[in-house]
1. Cut-off 10 angstrom, C-alpha nodes, Gaussian network model of the chain. Which of Phe201, Phe212, Phe84 fluctuates the most?
2. Would you mind calculating the gained length between Asn38 and Leu323 on full extension (0.36 nm times residue separation, minus the Cα-Cα distance), in nm to one decimal?
3. Heavy atoms only, probe 1.4 angstrom, no DNA, RNA or ligands counted: give me Thr219, Thr241 ranked by accessible area, highest first.
4. Using a Förster radius of 22 Å, what is the FRET efficiency between Ser50 and Ser269 based on their Cβ-Cβ separation? Nearest 0.05, please.
5. Please find, in a Gaussian network model of the chain (springs between Cα atoms separated by less than 10 Å), the residue of Thr169, Thr263, Thr220 whose mean-square fluctuation is greatest.
6. Scan around Glu238 for amide H atoms under 5 Å from its own, H built in the peptide plane at 1.01 Å from N, and keep only partners 5 or more places away or cross-chain.
7. Given the options Leu254, Leu160, Leu175, state which has the largest fluctuation in a GNM of the chain using a 10 Å cut-off (strictly under) for Cα springs.
8. Taking θ = phi - 60°, what integer Hz values does the Karplus form 6.51 cos²θ - 1.76 cosθ + 1.60 yield along the range 211-218, in sequence order, with x for Gly and Pro?
Amino acid sequence: MDAIEVFENSIKAYKLTTKNFGNNIDLKRALFLGWYCNLTDPCKFCFMSSQKSKIKNPSIARRRPESMLAEAIIMKRIGWKLEFISGGYDYNTNELNDIIEMIAHIQKSKQYINVGIVDFENLNLDTIEGVVGAIETVNPNLHNELCPQKPIEPTKEMLLKAKDYNLKTGITIILGLGEKEEDIEELLNLIEELNLDRITFYSLNPQKNTIFEGAPSITTIEYMNWVSSVRLNFPKLEIITGTWVDKLTNIGPLVMSGANTITKFPLFSMYGKKEGITVENEIKSTGRELISSFSDIEALQGKKKLNTPQYIDENINISDKNLEILSALENDINKKVDMYVSKTLKRINKN
Ligand code: SF4
């Protein structure tokens, strides 16, 4: 890798992004259905793999609907789109339909999902914008070793099939698993083969009790190399880049390399605090305009409406049964919203 070339490519990638997407950057967040994955041989980097032996009753590891729906309300208030609705391999299509319908209804917005291999025939596609396949790494040997029960081929088939249903498609890639620079070419080929609409990069956040515990991160310049290479080859692809609390200062360079969106934050523990404001400043320092908030208290409380062009209200038709459930849950959802907001405010005031 030639660092000077990476910076030169990043400048081109930044300009290309401006040309195709304008000057806006937003924040996104995955909404998790639970903390359990039923794969018997889970992916070796995954937080859920480290929890599996501790979870005796998987149903307890599922989130309650009011908690997910409250989170969906707050995300809309602060202008964060849900990157996707995600969970381990543990949900049947009826369960998915119910929760996706309710979230889409509450947000007035169709959703991306990242829930393993999808049963298109039985999924309520009226509430789905797109489907994400968790590819994780394009290096075949690494993939076989790290994701023994999640082969790439069925995911590719699913993403190709999604296009037949007029759904958008995306993949997730984790950097820092041991991939090589040469693998970038493999990724470019995959994006082209699948005609993807978006890609999400994450920088591995090494989890305790996995083989990656204590592993170093990839460098910011390596990360820029992957992102700018994708941008230069796919000017119109949505590029989402994930970071973590210990890597906030790579946000500016990632935006400079062609990212459209930043993701992967412990939202409620950072909002309004120096970490959240650092994210905002990192983005603003690139000359981009941030159209989500990581610090606006009135927006968090629902007292002020942000200008959020990323949320265009859509007509979402859901079953009468789920409308009734939403109505029955209204008080519980509101209580949860208040709880999330007050906990966040307490954390801010502690500083
Ligand atoms: S399939 Fe997803 S949730 Fe399950 S172990 Fe692999 S990465 Fe984790």
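The values are calculated or read from the model by the stated rules, or taken from the named source; none is laboratory data. The structure presented is a predicted model; accordingly, all values stated were derived computationally and were not measured. Methodologically, a virtual Cβ is constructed for each residue, glycine included, from the backbone with ideal geometry; neighbour enumeration extends over all protein chains shown. The protein model used for the area step is the full one, side chains on, heavy atoms only, and it has no ligands, DNA or RNA in it. Shrake-Rupley method; radii C 1.70, N 1.55, O 1.52, S 1.80 Å.
1. Between Phe201, Phe212, Phe84, it is Phe212 that shows the largest mean-square fluctuation.
2. In short, 99.6 nm is gained.
3. Reading off the accessible areas and sorting them downward yields Thr219, Thr241.
4. Between Ser50 and Ser269 the formula returns 0.65.
5. Thr220
6. Arg198, Ile199
7. Greatest mean-square fluctuation among the candidates belongs to Leu160.
8. Listing the rounded values in order: 5, 9, 3, x, 6, x, 7, 5 Hz.
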